[in-house]
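Notes follow the structure.
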Amino acid sequence: MTGVKICGIRDTQTMALCARLQVDWVGFVFCDASPRFVTADDALRLHESAPSGQDGGPLRVGLFVKSDDDFIAQVLRTVPLDILQIYDTSERATEIQSRFGRPVWLACGIARHSDLPTDPDMAGYVIEAPKQEQDHRPGGLGRTFDWSLTRNWTPPSFWMLAGGLNPGNVQRAILESQAPAVDVSSGVEAAPGCKSAELIEKFVQNSRKALDLKPKLS
């Protein structure tokens with residue numbers, strides 16, 4: 001079954017819904033340029049409102065954009081994150097993984113097959129559309145890329161597909177990309193930063209049915 005991550009959680013109702021739907025991961029965005037930004041204290045409140053991964057709930061993923069060690073350490077002192085999702089260079093992501101002893105997922109913008117990562121030492125990768133000059137923040141931009149680029153790729157470690165996914169296109173995205181997991185943020189929102197329970201439910205349902213529909217959609 002395809003794994004599902006709901007990113008940009010900001011309210012306890014959405015946390016409870018994700019736990020009820022048995023979502024695999026929830027994401028907290030620690031980037032103040034994003035409409036989905038939360039503080040460490042906010043994230044702790046959200047974390048405490050729903051079962052954790054140890055109790056069968058979603059694993060907690062913290063999203064950091066070019067953050068220094070002091071900021072990451074401050075967040076981790078407040079809220080127990082399971083995974084760190086990093087927007088930075090591969091060298092910096094490797095440093096963070098070693099420094100904090102937690103799995104790191106490196107976000108990679110892909111425009112061509114040669115952009116796909118090959119380093120097996122990284123715990124995971126978030127594969128999405130490449131950044132453009134006008135972008136002032138990562139993720140949540142509703143932009144897709146050519147999903148077939150990952151089809152014949154031999155990934156060096158775990159990866160998930162992100163960028164522009166929504167309930168209407170996620171099944172085709174899974175089948176075309178052969179992604180083992182998907183990550184959604186703006187595609188399940190009623191407005192920037194405001195999650196829609198209805199869209200989340202549809203996204204999770206459609207993601208989990210995608211592999212059963214392969215003959216129909218291929």
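The values are calculated or read from the model by the stated rules, or taken from the named source; none is laboratory data. None of the values given here were measured: they were computed from a predicted structure. Glycine also receives a Cβ, built like all others from the backbone with ideal geometry; neighbour counts cover every protein chain displayed. Ligands, DNA and RNA are excluded from the accessible area calculation, which covers all protein heavy atoms including side chains. Shrake-Rupley method; radii C 1.70, N 1.55, O 1.52, S 1.80 Å.
Tabulated values for the structure
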| quantity | calculated |
| --- | --- |
| In the range 177-214, residue nearest to CYS18 (Cα to Cα) [restricted to those that are surrounded by fewer than 22 Cβ atoms within 10 Å (Cβ to Cβ) and among the charged types (D, E, K, R)] | GLU201 |
| Residues located in the range 102-116, provided they are assigned to a loop (DSSP other than H, G, I, E, B) and touching a residue at least 40 places away in the same chain (Cβ under 8 Å) | ILE110 |
| Among (1) in contact with a helix residue (DSSP H, G or I) (Cβ under 9 Å, 6 or more places away or on another chain); (2) charged (D, E, K, R); (3) surrounded by fewer than 17 Cβ atoms within 10 Å (Cβ to Cβ); (4) not in a helix (DSSP H, G or I), the one test that ASP32 misses | (1) |
| PHE64 vs. criteria among the aromatic types (Phe, Trp, Tyr), surrounded by fewer than 20 Cβ atoms within 10 Å (Cβ to Cβ) and either over 13 Å from the mean Cα position of the chain (by Cα) or not in a loop (DSSP other than H, G, I, E, B) (or both) | no |
| Qualifying positions in the range 16-60 - out of contact with any Ser or Thr (no Cβ under 7 Å at 6 or more places or on another chain) and hydroxyl-bearing (Ser, Thr, Tyr) | SER34, THR39, SER52 |
| Top-ranked residue in the range 78-94 [being open to solvent by 50 Å² or more (accessible area, probe 1.4 Å) and either in a strand (DSSP E or B) or without any contact (Cβ under 8 Å) to a residue 24 or more places away in the chain (or both); ranked as farthest from PHE37 (Cα to Cα)] | GLU91 |
| Residue among ASP41, ASP69, ASP24 that is more than 14 Å from LYS195 (Cα to Cα), in contact (Cβ under 8 Å) with a residue 40 or more places away in the chain and of a type outside the set (Ser, Thr, Tyr) | ASP24 |
| Filtered residues of the range 142-163 (kept if surrounded by fewer than 18 Cβ atoms within 10 Å (Cβ to Cβ) and part of a loop (DSSP other than H, G, I, E, B)) | GLY142, ARG143, THR144, ASP146, ARG151, ASN152, TRP153, THR154, PRO155, PRO156, SER157 |
| Options ALA50, ALA19; residue that is closer than 19 Å to ILE200 by Cα, part of a helix (DSSP H, G or I) and aliphatic (A, V, I, L, M) | ALA19 |
| Failed item, numbered, when GLN97 is tested on (1) crowded, with 19+ Cβ neighbours inside 10 Å; (2) under 18 Å from GLY8 (Cα atoms) | (2) |
| Single unsatisfied condition, ILE110 versus (1) modelled with pLDDT of 95 or more; (2) crowded, with 17+ Cβ neighbours inside 10 Å | (1) |
